[in-house]
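**Student:** Shown below is the structure under consideration.
We did not get these values from a lab; they are worked out from the coordinates using the rules stated. Everything quoted here is computed from the prediction, not taken from an experiment. For neighbour counting, all protein chains shown are included, and Cβ atoms are generated from backbone atoms with ideal geometry for every residue, glycine included.
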Amino acid sequence: MEKIDGQQFRQMILLGANNLKKNADYVDSLNVFPVPDGDTGTNMNLSMSSGADEVKDVKSTHVGEVGKHFSRGLLMGARGNSGVILSQLFRGFSKHVEEVETLDIHSFVEALEAGVKTAYKAVMKPVEGTILTVAKDSAQKAVDSVDSVTDIAELMKIVVEESKASLKRTPDLLPVLKEVGVVDSGGQGLVYVYEGFLSALTGEEIVEDEADSVDTDEFINDTHEFEEFMSAEDITFGFCTEFMVRFEDGKKEFIEEDFRNDMDKFGDSLLVINDDEIVKVHVHTETPGKALTYGAEYGEIIKIKVDNMREQFRAIEDKRGKSNEKKEKIDTAIIAVSSGEGINEMLKSIGVTHIISGGQTMNPSTEDIINIIKDEDVKEVIIMPNNKNIIMAAEQAQELLEVPSIVIPTRSIPECVSAMFAYTKDASLEANEDDMVEAIQHVKTGQITYSVRDTKIDDIDIKKDQHMGILDGKIITSNDEGSETLDVLIRKMIDEDTEIVTVFIGEDGNNDTLESVLDKIEEEFEDVEFEVHDGKQPVYSYLISAE
């Protein structure tokens, strides 16, 4: 097999996604910390499945075209650091082959190299002993072997073998892996993907389960949610017009600014989203035909939908009996990822405008972050991921948003709260970024959860079901009694500069236990103020901040 076409590449993607899906639980189990949120396999599976969904119905034999669909699906479905890095690996790969109709050995190897370079650039401080290392080592082995093989399947076999060998070496590069006795979970996920690729090339069958549907709704929903409610006669531009243009050679060159300015002349509520292959348009207009005609100057019109909003409004008014109040416009949308009804309410009370449900065990995707404000009239956006495993997805969303936006790299709810107290409504986005980032440097985060297995980390013996105390991401204590863990953790968090300690009680927390512990600590630290909130958060029985 000297070359592969687009359909063969498509089959590699589908089998790679399926093999990862079948082994996602095992990848989750490799999480270094024995907390019940081992979600690397889940994140990689959802990300890869999103990419696979994009190519399922692609009939093209052009490798580059299949790659574009794959890359776009991965990008929009990317979840967690592992999912984002996976999306970047294959974004670089697909970008390199976008003009390639059939893939030969040399172009395949070059694409692997390009993917590695793209992924490394996407990570601010790359860490060896991770999925990055496995991708780099296997790509380098392909480079070293390219002149000695003539069969792509044989080359893929070499890539798989080296990825497994590199995976085994990850504990030597990342001491915490060796201490816990596991290999890197992200690297293991990539091995499963590569194994699926190989099975597609060799004909070795992997039993495919019926893939779960992954939520990959487009930016423009099939059902339009109206931004404002009024009488039907008040609508100036009556037709909600949505369509996509697939760019074509020989047609007008697409320049986004010019396209946007011209399309804006047809009406209002304009939304333009594009990539290298298509542009998506949403506009309210009185002349949908003219808007479509203009779009056709750039290529083929696909997925047209035109709704008569006046007629829809009349139906809504008839159903409701009266018009609803207009939706409030928001100058600055402040998005926070949070889990727990009590915490959500508290965040809204201090100025957060949008809550995305998620965190440990449920990392929102790039698309989830974008979608929460896609139908809203906002001037600027502040995103607080509140989990180190969501920061990269947030940064990727920031790049895709069409309004000025920033990401405050918050790793926890306490950091989010501290950042919000530093936020000033009338300040510039840049000034708020400086103040909010500065604020999160002065808060300590404590978490108490239970261990899901026996292990040893940093010379701390941890038994299954024990209560673990985690301080700023580091396990500092583990005990059979939750009260003992709580006492040790809070005392460790308090120093001479501490003014206030805040505790959020989770779903598994106990008010009596907390009250008993705090009674003793308050007597010893008279100058420290203690606050307690019912956070109702999952996973962590107590979430603690010290400032």
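**Student:** From zero up to wherever the largest Cα-Cα distance of segment 11-139 sits, split into 10 Å bins and tell me the percent of pairs in each.
**Tutor:** The distribution over segment 11-139 is 14, 43, 35, 8, 1, given as percents.
**Student:** In Å, the Kirkwood hydrodynamic radius of segment 390-513 over pairs of distinct alpha carbons? Intermediate results must be reported in sequence, preceding the final value.
**Tutor:** On the way: mean 1/r = 0.0597 Å⁻¹.
Computed over segment 390-513, the radius equals 16.8 Å.
**Student:** Then there's this: Dipole magnitude of the chain about its Cα centre, charges +1 at Lys/Arg Cβ and -1 at Asp/Glu Cβ only, in debye to the nearest 20? Display every interim value, and only then the final one.
**Tutor:** Working: 54 positive and 112 negative charges, 293 e Å.
In debye, rounded to 20, the chain gives about 1400.
**Student:** I need the semi-axes of the equivalent ellipsoid of segment 29-98: take the C-alpha gyration tensor, multiply each eigenvalue by 5, square-root it, list largest first in whole angstrom. Each step should come with its number before you reach the end.
**Tutor:** Numbers: eigenvalues 146, 27, 11 Å².
Semi-axes from the Cα gyration tensor: 27, 12, 7 Å.
**Student:** Give me ILE335, ILE350 sorted ascending by neighbouring Cβ count inside 10 Å, so fewest comes first.
**Tutor:** Values: ILE335 25, ILE350 13.
The fewest-first ordering by Cβ neighbours comes to ILE350, ILE335.
**Student:** Determine, for MET48, MET76, the number of other Cβ atoms within 10 Å of each Cβ, and report the residues in order from fewest to most.
**Tutor:** Numbers: MET48 33, MET76 25.
In order of increasing Cβ crowding within 10 Å: MET76, MET48.
**Student:** Under 1.5 on a/c is rounded, so check that first for segment 90-184, then, if it is not, pick prolate when a/b is larger than b/c and oblate when it is not; a ≥ b ≥ c are the square roots of the alpha carbon gyration tensor eigenvalues. Can you show the working numbers first?
**Tutor:** Details: a/c = 3.24, a/b = 1.57, b/c = 2.06.
Judged from the Cα gyration tensor, segment 90-184 comes out oblate (a/c at least 1.5, b/c at or above a/b).
**Student:** A further question follows. Considering amide H positions built from the backbone, and no H for Pro or chain starts, which residues 5 or more places from HIS62, or on another chain, come under 5 Å of its amide H?
**Tutor:** Under 5 Å from the amide H of HIS62: GLY6.
**Student:** How many angstrom separate the Cα center of segment 112-127 from the Cα center of segment 342-364?
**Tutor:** Centre-to-centre distance over Cα atoms comes out at 31 Å.
**Student:** Ignoring solvent entirely, what values of log10 I(q)/I(0) come out of the Debye formula for segment 444-546 at 0.11, 0.14, 0.15 Å⁻¹ when each Cα is a single scatterer?
**Tutor:** So the normalised log intensities work out to -0.30, -0.48, -0.56.
**Student:** Counting only DSSP beta bridges with both residues in the chain, what percent are antiparallel, rounded to the nearest 5? Working shown, then result.
**Tutor:** Working: 49 of 68 bridges.
In the chain, DSSP labels about 70 percent of beta bridges as antiparallel.
**Student:** Sticking with this structure for a sec: According to the Cα gyration tensor, what semi-axes, each the square root of 5 times an eigenvalue, does the equivalent ellipsoid of segment 328-420 have, listed from largest to smallest in whole Å? Kindly include the intermediate steps, with their values, before the conclusion.
**Tutor:** Numbers: eigenvalues 66, 48, 26 Å².
Each semi-axis is the square root of five times an eigenvalue, giving 18, 15, 12 Å.
**Student:** Normalised by the number of residues in the chain, what is the relative contact order in percent for Cα pairs under 8 Å and 6+ residues apart? Please list the in-between numbers first.
**Tutor:** Numbers: 1093 pairs, mean separation 65.4, N = 547.
Relative contact order for the chain comes out at 12 percent.
**Student:** Each residue of segment 390-397 in turn: what ³J(HN,Hα) in whole Hz from Karplus with 6.51, -1.76, 1.60 and θ = phi - 60°, glycine and Pro shown as x?
**Tutor:** With the stated coefficients, segment 390-397 comes to 10, 4, 5, 5, 5, 5, 5, 5 Hz.
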